[in-house]
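The structure appears below as structure tokens.
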Amino acid sequence: MHSSTVRPLVGISSCLKENGRGGWNHSVGDKYVQAAILAAGALPILIPAWGPQLGGDQESLDRLLDTLDGLLLTGSPSNVEPHHYGQESRPGTAHDAARDATTLPLIRRAIDRGVPLFAICRGLQEVNVALGGSLHQHVQEVEGRRDHRSPKSPDTDVNYAPAHDIDIVEGGLLHRLLGERRVRVNSLHGQGVDRLASRARLEAVADDGQVEAFSVPDAAQFALAVQWHPEHKALERPTSMILFAAFAAACRTRAAQRQQPPLHQAAE
């Protein structure tokens, strides 16, 4: 198979969840896997929420990233533990410490090593925290902000229906990709960006001022985080397809670079 037709390897972040039978499962929503396959043309590889056993092992992180052409950070009902940005958690808040211990160091290494990154919902919040930013734990309690949570309907299409407009920053990455200054997106999050990380560039805000997207300009490759869910029925939404296509192009570029032999081999 020609290298240009080889599917790039994209790592997808997993959650660690109780299975209801006294055990634990590493899990990823199928919509992320399908979006990676169908919208990005990638070969998805699930990254377990391995926790602190490997999260702090830079050699292991680098070895993993050496095999990947991209990193897709998923949404989740759980939230980044607030101690990562200097706050305390309120009772009843769902957390996933193993995922935090995996994704936060992985994000920093991926960006520094030029691995293309596309972060969705919790993924956006993880990137902001990993780079030194903070979060609102309950956006709906912030003065002037709307309730960004989903209706929690038994009908998935109701939960993922377009909910509000976002204003896109002129001249930014998102503006260049979409060619529009305003689009309508879904909304299914209770937490959101408070203080934007210094390395992040604002790309879009909701109609109430809440951060909806940012990029990482000093990243060596594509690095975009969005608060909404473009993976839901991505093939039916032109905006989603544009975002996944841009991520896929960056992943293919890295795949081609990884497949090139070292200079000393090429000269032999």
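For the reader, a short list of remarks on this structure follows.
- Single condition Ala98 does not satisfy, out of (1) more than 30 Å from Leu177 (Cα to Cα); (2) open to solvent by 30 Å² or more (accessible area, probe 1.4 Å); (3) not in a loop (DSSP other than H, G, I, E, B): (2)
- Counting only helices (runs of 4 or more DSSP H) that sit completely within region 1-87, those holding 3 or more residues that are open to solvent by less than 80 Å² (accessible area, probe 1.4 Å), farther than 24 Å from Ser150 by Cα and in contact (Cβ under 8 Å) with a residue 24 or more places away in the chain correspond to 58-67.
- The condition of being open to solvent by less than 50 Å² (accessible area, probe 1.4 Å), more than 20 Å from Glu231 (Cβ to Cβ) and in contact with a strand residue (DSSP E or B) (Cβ under 7 Å, 6 or more places away or on another chain) holds for His175.
- Within region 184-196, being of a type in the set (A, V, I, L, M, F, W, C) and either surrounded by fewer than 19 Cβ atoms within 10 Å (Cβ to Cβ) or touching a Lys or Arg at 6+ places or on another chain (Cβ under 8 Å) (or both) holds for Leu188, Leu196.
- Filtering region 253-268 for residues that are open to solvent by 70 Å² or more (accessible area, probe 1.4 Å) and modelled with pLDDT of 95 or more leaves an empty set.
- Considering residues of region 212-248 that are of a type in the set (D, E, K, R) and more than 15 Å from the chain's Cα centre (by Cα) only, the residue surrounded by the fewest Cβ atoms within 10 Å (Cβ to Cβ): Glu236
- Unique match (being surrounded by fewer than 21 Cβ atoms within 10 Å (Cβ to Cβ), free of Cβ contacts under 8 Å to residues at least 60 places away in the same chain and within 26 Å of Arg99 (Cβ to Cβ)) among Glu180, Glu141, Glu203: Glu141
- For region 101-130, a tally of residues being open to solvent by less than 10 Å² (accessible area, probe 1.4 Å) and either among the basic types (Lys, Arg) or free of Cβ contacts under 8 Å to residues at least 24 places away in the same chain (or both) returns 1.
The values are calculated or read from the model by the stated rules, or taken from the named source; none is laboratory data. In this text the structure is predicted, and so the values were computed from the model without any measurement. Cβ: placed from backbone, ideal geometry, glycine included. Neighbour counts: every protein chain shown. Remember, those area values only see protein heavy atoms, side chains included, never the ligands or the DNA or RNA. Shrake-Rupley method; radii C 1.70, N 1.55, O 1.52, S 1.80 Å.
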